[in-house]
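The values are calculated or read from the model by the stated rules, or taken from the named source; none is laboratory data. On a predicted model such as this, the values are computed, not experimentally measured, just so you know. We place every Cβ from the backbone using ideal geometry, glycine too, and count neighbours over all the protein chains shown. All accessible areas refer to the heavy atoms of the entire protein, side chains included, with ligands and DNA or RNA removed. Shrake-Rupley method; radii C 1.70, N 1.55, O 1.52, S 1.80 Å.
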Amino acid sequence: MPLALLALAVSAFGIGTTEFVMMGLLPNVANDLGTSVPTAGYLVSAYAIGVVVGAPLLTALGSRIPRKRMLVLLMALFTVGNLASALAPSFGLLIAGRVLAGLPHGAFFGVGAVVAARLVTEDRRARAVATMFLGLTIANIVGVPVATLLGQHLGWRATFLVVAGIGVVAMSALARLVPQISHDQHGGLRQELGALRDRQVVLGLLTAVFGFAGVFAVYSYLASMVTEVTGFGESTVTLVLALFGIGMTLGALAAGPLTDRALRPTLYGSLAALAAMLVVFDFTVHVKWAALLSVVVLGAVGFMTTTPLQMLVMNKAQHAPTLASASNHSAFNLANAGGAWLGGVAIAAGWGWTSPTLVGAVLAVVGLSIALIAGLTDRTPASGSRVVASSESMPRLSEVR
């Protein structure tokens, strides 16, 4: 394995940690800054909004910057955003810091996927890209629980200082280990933008926005649910987040071979299972052992949707997958923002701490409906749905079935 992949994985670990750690720190931030937990939930949305805006914008602005330099610059922006969050004297400035930290997220993964694929031979490109995303998965198993525990004992500001430190380490690793990668001749930004006008790409992005919002409607307030409803102590929150990360990893592992075998059925099944599990969680959250088991299953079915959605968008983008890939991260984080906001609205309306579970179930059903419409209206033959392999594109993807 090229050491450059380790640099990309470390960067992904830092990004994944700062993206998800806020969910476990919402009660601490709310108490420290004198606001409510639902209002503090806007910090989750703020990061997601940064991703939504930054992914297409920074990808476009950096289209002529060498890949290695672009990765280092994006990680530098990430580091500054987390440092600003750690030093923010008010809730409003913390919101701004979270937006700033989220700006490079989608562009980094979009560019990073291309770089990872270029570092190895063609027959190993998929494994190279998976290695980079392994950092994101490990962040949810180790980084987020540890960072949450750190925030609970030393204050939430310490968490963001540590994440900023990870950003510095990642910048150094990228600068030292990633080789210079030249640009290839391709259709450029106009062709990338043209791919986003494809109806199937648009429907895929909308499926991600609504379907994945169901996950974040609950995950954003999971810490409060298990303490206020299930009856766990604050110290157990780290265990709950780790269990969600384990479920997320299991779901991602299962989604790979299932998506290779049947893309759309995997997408339909995962969204249907997500909707059902969110309804079940409304009941099981009241029982400790059942709540813990449900958290694992919820993480699994929730993140099973990501692989088929990513494959679908990349396949339908054909020769211009870079911006489509970055935009898919925008869609996922728009789901993050929307789910957190709607879950907070339900709690603030007095519907109870468990109300986000039913809100999430409705959102998952909407996402499933859009996915079904996309499948019924897809006129592209399976044999013509592969991404044409090139040094600028992602690895050859499975057929859309």
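Selection within the stretch 252-269: residues that are under 15 Å from GLY299 (Cβ atoms) and touching a helix residue (DSSP H, G or I) at 6+ places or on another chain (Cβ under 6 Å). The member of this set that is most open to solvent (accessible area, probe 1.4 Å) is ALA252. Here the stretch 332-347 is the region considered, the condition is being closer than 12 Å to GLY211 by Cβ and at pLDDT 85 or above, and the residue that is most open to solvent (accessible area, probe 1.4 Å) is GLY338. Of the helices (runs of 4 or more DSSP H) that lie entirely inside the stretch 89-175, those containing 2 or more residues that are at pLDDT 85 or above span 91-102, 105-118, 144-154. Based on what the data block shows, is VAL209 at pLDDT 90 or above, open to solvent by 20 Å² or more (accessible area, probe 1.4 Å) and either assigned to a helix (DSSP H, G or I) or among the hydroxyl-bearing types (Ser, Thr, Tyr) (or both)? Yes. Looking across the stretch 348-361, the residues that are in contact (Cβ under 8 Å) with a residue 60 or more places away in the chain and either part of a helix (DSSP H, G or I) or open to solvent by 40 Å² or more (accessible area, probe 1.4 Å) (or both) come down to ALA348, TRP353, PRO356, THR357, LEU358, VAL359, GLY360, ALA361. Which residues, counting only those in the stretch 280-295, are under 23 Å from the mean Cα position of the chain (by Cα) and open to solvent by 30 Å² or more (accessible area, probe 1.4 Å)? Within the stretch 280-295, LEU292, LEU293 meet the criteria. The residue of the stretch 66-76 that is modelled with the lowest pLDDT, among those that are hydrophobic (A, V, I, L, M, F, W, C) and open to solvent by less than 50 Å² (accessible area, probe 1.4 Å), is MET70. Entry remark, the stretch 263-297: residues being farther than 16 Å from LEU368 by Cβ and touching a residue at least 40 places away in the same chain (Cβ under 8 Å) number 11 in total. Scanning the stretch 17-44 for residues that are among the charged types (D, E, K, R) and buried (at least 19 other Cβ atoms within 10 Å of the Cβ) turns up just one, GLU19.
Yes or no, residue by residue, for (1) among the β-branched types (Val, Ile, Thr); (2) in contact with a helix residue (DSSP H, G or I) (Cβ under 8 Å, 6 or more places away or on another chain); (3) buried (at least 20 other Cβ atoms within 10 Å of the Cβ):
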| position | (1), (2), (3) |
| --- | --- |
| ALA46 | no, yes, yes |
| VAL52 | yes, yes, yes |
| ALA60 | no, yes, no |
| LEU83 | no, yes, yes |
| ALA88 | no, yes, no |
| ALA96 | no, yes, no |
| GLY106 | no, yes, yes |
| VAL120 | yes, yes, no |
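For VAL301, the stated conditions do not hold, so it cannot be described as touching a residue at least 40 places away in the same chain (Cβ under 8 Å), assigned to a helix (DSSP H, G or I), under 16 Å from the mean Cα position of the chain (by Cα) and more than 17 Å from GLY360 (Cβ to Cβ).
Restricting attention to the stretch 38-50 and to residues that are more than 18 Å from the chain's Cα centre (by Cα) and closer than 22 Å to PHE212 by Cβ, the residue that is modelled with the highest pLDDT turns out to be ALA40.
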